[in-house]
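Comments concern the structure below.
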Amino acid sequence: MDADENTAITRVLMFPWLGYGHITPYLELAKKLTTRGFFIYLYSTPATLRCMKQKRKTFSHSIKLVPLLLPNLRGLSRRFYTTNGLPPNLMPKLKEAFDLSAKGFSYMLAFLKPDLLIYDFLQPWAPMVAKERNIPAVEFITSSSTMTCFMFHYFKNPEEKFPYSEIYFRDYESSNMRRLLDCASNPKERDMASEGVERSCNIVLIKGFRDIEDKYIDYVTSLVGKKFVPVGPLVQEPIADEKDDGSSEIFSWLEKKEKKSTVFVSFGSEYFLTKEDIDEIAHGLELSKINFIWVVRFPKGENGRNGLLQKTLPKGFLERVGERGKILQGWAPQTKILRHDNTGGFVSHCGWNSVIESMNFGVPIIAVPMHLDQPINARLVEEVGVGIEVVRDRNRKLHRETLAAVIKQVVMEDCGEAVRQKAAFMSEKLKSKGDQEIEEVVKELVSLRNLETRAK
Ligand code: UDX
């Protein structure tokens, strides 16, 4: 590689899926790459770009936001062109609109002529379009490698038992696992998902690091036959000005609590708790007698509905917990709360971003997984030793007593000391690594660009 090849600006078009859990890692990766001389086009729907701007306030000059215009689809209003607050029944419609945008995507590639494409695995057609335009494509998978290798195992060997059975055993019969297995045995779904990565993309980036997922990264590499490069934790930096995001009251409350005495309770940005889960969680928090900050979300349009929160929570709950608990509606500054010294546990659905953020800030996890990859991530959390799962019964019902017992164990009881220590150890380990993985990613991307430039 000569000096020019190393120093030329690499222009990357990033094409994330619309969920906040997908956009956040793309944005963090974009930020890291711009500090190393890359220029980024971030391609997403205006609704998503607006939501990112509201949450981020400032963008580097080396990131240009490019609006993706979806075709009009009946029953899908433009304000739902983001999954943040999307009522669950509209998700298939949104996916359909997204898939129909492939033609516009191709024109946009021809116009911007980026050196590389980084795309989400939920757009398996994107690398095929890029290939037609001679643009190298890099798949960036924002799920855990454990989940990814579980999926590919069943794509490739639907009849064979997954070799790491401890990871999924508890949910094997649950609808979540059944859905994944059904998907794996449906050739159309399977081909769509593996076609992009196996035939059209050059390398795969994954959110995470080898220290916790080594064997799963090696296994998925052998299954797919592509190089899998971990990008590291990619944790969203807490916004510096606390007053700015309307959460200063929460922080003055948290400030008055004892060190590591409070749990943060959040279930991500996409899913909504059932009435039954809300009930059990509220009672579980009450029984635990531990301080809490709970962010409760309802589908878009419902968040502001008068009295909805009071109606949803058990009668008298807020009065009974009094100063011991705070409820936020809709959104919380998650990383800022996790970073706080007085936060001692995270009751989490185990979305992959939440798991990594918790490890990054050394907060032990009380795992309450719901759908998709979350049960598998919860298994990994236990395998690594940074949290304990609140196991549901055979009908997938959550029990308040079990939740309260796990919260107490993880936050204060002697029997939870090993988990607390492991969480603290993990955080130290991540800090000491710095941007080790990102340097590797930069090398890979630059050499991919140079390879392609020479070929042209
Ligand atoms: C989705 C899927 O649900 C999850 O299973 C998958 O692993 C990733 O995509 P989501 O449910 O949003 O993600 O959860 P998660 O991966 O934890 O991402 C949520 C992100 O939003 C985190 O970065 C978190 O810090 C942020 N967030 C969420 C907030 O800042 N405040 C909130 O109130 C909620």
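The values are calculated or read from the model by the stated rules, or taken from the named source; none is laboratory data. Being a predicted model, the structure only gives us computed values, none of them experimental. Cβ coordinates were reconstructed from backbone atoms using ideal geometry, including for glycine residues, and neighbour counts include every protein chain displayed.
Remarks
- For VAL129, the conditions (1) in contact with a helix residue (DSSP H, G or I) (Cβ under 7 Å, 6 or more places away or on another chain); (2) at pLDDT below 90 all hold with the exception of (2).
- In the condition set (1) surrounded by fewer than 23 Cβ atoms within 10 Å (Cβ to Cβ); (2) in contact (Cβ under 8 Å) with a residue 24 or more places away in the chain; (3) not charged (D, E, K, R), ILE407 is compliant with all but (1).
- Summed over segment 119-129, residues that are surrounded by fewer than 24 Cβ atoms within 10 Å (Cβ to Cβ), within 21 Å of the chain's Cα centre (by Cα) and away from the ligand (no atom under 16 Å from the Cβ) total 1.
- Qualifying positions in segment 318-345 - more than 10 Å from the ligand (Cβ to nearest atom) and surrounded by 24 or more Cβ atoms within 10 Å (Cβ to Cβ): THR343, GLY344, GLY345
- Scan segment 130-142 for residues that are buried (at least 24 other Cβ atoms within 10 Å of the Cβ) and more than 20 Å from VAL446 (Cβ to Cβ) and the total you get is 2.
- Subset of segment 6-35 [in a loop (DSSP other than H, G, I, E, B) and either within 16 Å of the ligand (Cβ to nearest atom) or farther than 18 Å from GLU237 by Cβ (or both)]: ALA8, ILE9, PRO16, TRP17, LEU18, GLY19
- Test: residue in segment 27-37 that is modelled with pLDDT under 85 and within 21 Å of the chain's Cα centre (by Cα): no
- Within segment 40-119, helices (runs of 4 or more DSSP H) holding 1 or more residues that are more than 14 Å from TRP17 (Cα to Cα) and modelled with pLDDT of 85 or more: 102-112
- Odd one out for CYS183, checked against (1) modelled with pLDDT of 80 or more; (2) within 16 Å of the ligand (Cβ to nearest atom): (1)
- Any chance ILE217 is within 16 Å of the ligand (Cβ to nearest atom) and at pLDDT 90 or above: no
- LEU403 being more than 16 Å from the ligand (Cβ to nearest atom), in contact with an Asp or Glu (Cβ under 6 Å, 6 or more places away or on another chain) and among the hydrophobic types (A, V, I, L, M, F, W, C): no
- Residue check, ILE206 at pLDDT 70 or above and more than 16 Å from the ligand (Cβ to nearest atom): no
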